[in-house]
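Let me begin by handing over the structure; questions about it come next.
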Amino acid sequence: MFSGCSVSSLAAKFTFFPPDPPTYNVKKDDSGRLVASGVPRDHSMDVLLLDTKHGTKLVAFYLKNPCARLTVLYSHGNAADLGQLYDLFVQLKVNLRVNLMGYDYSGYGASTGKPSEYNTYADIEAVYQCLQTEYGVGQEDLILYGQSVGSGPTLHLAAHLPRLRGIVLHSAILSGLRVVCHVKFSFCFDIYKNIDKIKKVKCPVFVIHGTEDDVVDCRHGHGLWKLAKEPYDPLWIRGGGHCNLELYPDYIRHLCKFIREMENLTTATRLKKIRQTLKLPANATATTTFTTNCCCQIRCRKPDCWSCPRRGCLMVRCSKGSAYLCNWCCGDWH
């Protein structure tokens, strides 16, 4: 009879299939900059080597889009590495108008270590920390994207980020054992218990799943969508399998729609918080003007400050697409 640990180890063996050999290598060029061989040279992409708390070194690609207001952190599926995903990342960066961070789990691609559930948790934590410290990306401007097994680390991180912008779950799993054994109950030795973690997520959740997925049954997507506190309109791709959803036109169309709505939703939410801070009535309006030299190209002119005799002394400053109230009387717009 199998023990819990042996069943968990067995499930892990069926979960992780890193490409062997990897499809790329990482080295330094003549200038000392990290580059990925086997991947087209891209001056808008940073190749990173990150340390995790478990002592492994991760490879990550950060693709920059000058028009981006949001950043996507992409956790890929099984049997793939960054070399295979580069073309997809470029397409998403361009079509969605986002910055995109992709990474290889421990033991995948040129990342060191061995793949395991808890290593992937440490992996995504290290990548998120890099986004914060190196690129100034806060959770309010971040969308997490988890494909297949990548839904595990995605929901792990999302459960700890209460102000996250949104989540995309692509061919996601309810849990590891539910894929293999179709069990209806949670066991302590199960892996990636997304069925429990989805309940802790406080942002919109967009579920994408193929109706003919023969690896992760579509019921997993339905289950996660029903359990989400803020479920976004799901995309059930008729005839779609487990690894080909990107080939369907509805995929990029609905994904673009989700990204645009997440941008607009956050703008509305922040304006609501501004009104609450100023103790304005809910129907108070603000005049919006456009400028060519502002980082987000939107300025919101707010009412006069009640405590200042000068008119127009309260302003909103734009910073990386976000609006923040000034904490002093400034007189005029700068």
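Looking for something within 29 Å of Cys256 (Cβ to Cβ) and in contact (Cβ under 8 Å) with a residue 40 or more places away in the chain - is there at least one such residue anywhere in the stretch 182-190?
For the stretch 182-190, residues within 29 Å of Cys256 (Cβ to Cβ) and in contact (Cβ under 8 Å) with a residue 40 or more places away in the chain: absent.
Right, next: Is there a residue in the stretch 71-82 that is surrounded by fewer than 16 Cβ atoms within 10 Å (Cβ to Cβ), farther than 23 Å from Glu134 by Cβ and in contact with a Pro (Cβ under 9 Å, 6 or more places away or on another chain)?
Yes: the stretch 71-82 contains one or more residues that are surrounded by fewer than 16 Cβ atoms within 10 Å (Cβ to Cβ), farther than 23 Å from Glu134 by Cβ and in contact with a Pro (Cβ under 9 Å, 6 or more places away or on another chain).
Considering only the stretch 192-227, state which residues are hydrophobic (A, V, I, L, M, F, W, C) and either open to solvent by less than 10 Å² (accessible area, probe 1.4 Å) or in contact with a Leu (Cβ under 6 Å, 6 or more places away or on another chain) (or both).
Ile195, Ile198, Val201, Cys203, Val205, Phe206, Val207, Ile208, Val216, Leu224
Failed condition for Leu161, given (1) buried (at least 21 other Cβ atoms within 10 Å of the Cβ); (2) farther than 24 Å from Asn244 by Cβ; (3) of a type outside the set (Lys, Arg), with all others met?
Leu161 satisfies all of (1) buried (at least 21 other Cβ atoms within 10 Å of the Cβ); (2) farther than 24 Å from Asn244 by Cβ; (3) of a type outside the set (Lys, Arg) except (1).
Can you tell me how many residues within the stretch 112-167 are assigned to a helix (DSSP H, G or I) and either more than 20 Å from Leu265 (Cβ to Cβ) or not small (Gly, Ala, Ser) (or both)?
The total comes to 32.
Would you pick out the residues in the stretch 87-101 that are under 18 Å from Thr23 (Cα atoms), open to solvent by 20 Å² or more (accessible area, probe 1.4 Å) and out of contact with any helix residue (DSSP H, G or I) (no Cβ under 7 Å at 6 or more places or on another chain)?
Asp87, Val90, listed by residue number.
Any residue that is surrounded by fewer than 20 Cβ atoms within 10 Å (Cβ to Cβ), modelled with pLDDT under 95 and assigned to a helix (DSSP H, G or I) - is there at least one of those in the stretch 177-191?
Yes, the stretch 177-191 contains at least one residue that is surrounded by fewer than 20 Cβ atoms within 10 Å (Cβ to Cβ), modelled with pLDDT under 95 and assigned to a helix (DSSP H, G or I).
So is Asp104 acidic (Asp, Glu), crowded, with 17+ Cβ neighbours inside 10 Å, within 11 Å of the chain's Cα centre (by Cα) and at pLDDT 95 or above or not?
No: the conditions fail for Asp104.
Identify, from the list Tyr135, Tyr128, the residue that is open to solvent by 20 Å² or more (accessible area, probe 1.4 Å), of a type in the set (Ser, Thr, Tyr) and under 12 Å from the mean Cα position of the chain (by Cα).
Tyr128
Next up: Here are Gln91, Gln84, Gln139, Gln147: which of them is in contact with a His (Cβ under 7 Å, 6 or more places away or on another chain), polar (S, T, N, Q) and under 25 Å from Gly221 (Cβ atoms)?
Being in contact with a His (Cβ under 7 Å, 6 or more places away or on another chain), polar (S, T, N, Q) and under 25 Å from Gly221 (Cβ atoms) holds for just one of Gln91, Gln84, Gln139, Gln147, which is Gln147.
The values are calculated or read from the model by the stated rules, or taken from the named source; none is laboratory data. For clarity, every value in this text was computed on a predicted model and none was experimentally measured. Reconstructed Cβ throughout: ideal geometry from the backbone, glycine too, with neighbour counts over all protein chains shown. Accessible surface areas use protein heavy atoms only, side chains included; no ligands, DNA or RNA. Shrake-Rupley method; radii C 1.70, N 1.55, O 1.52, S 1.80 Å.
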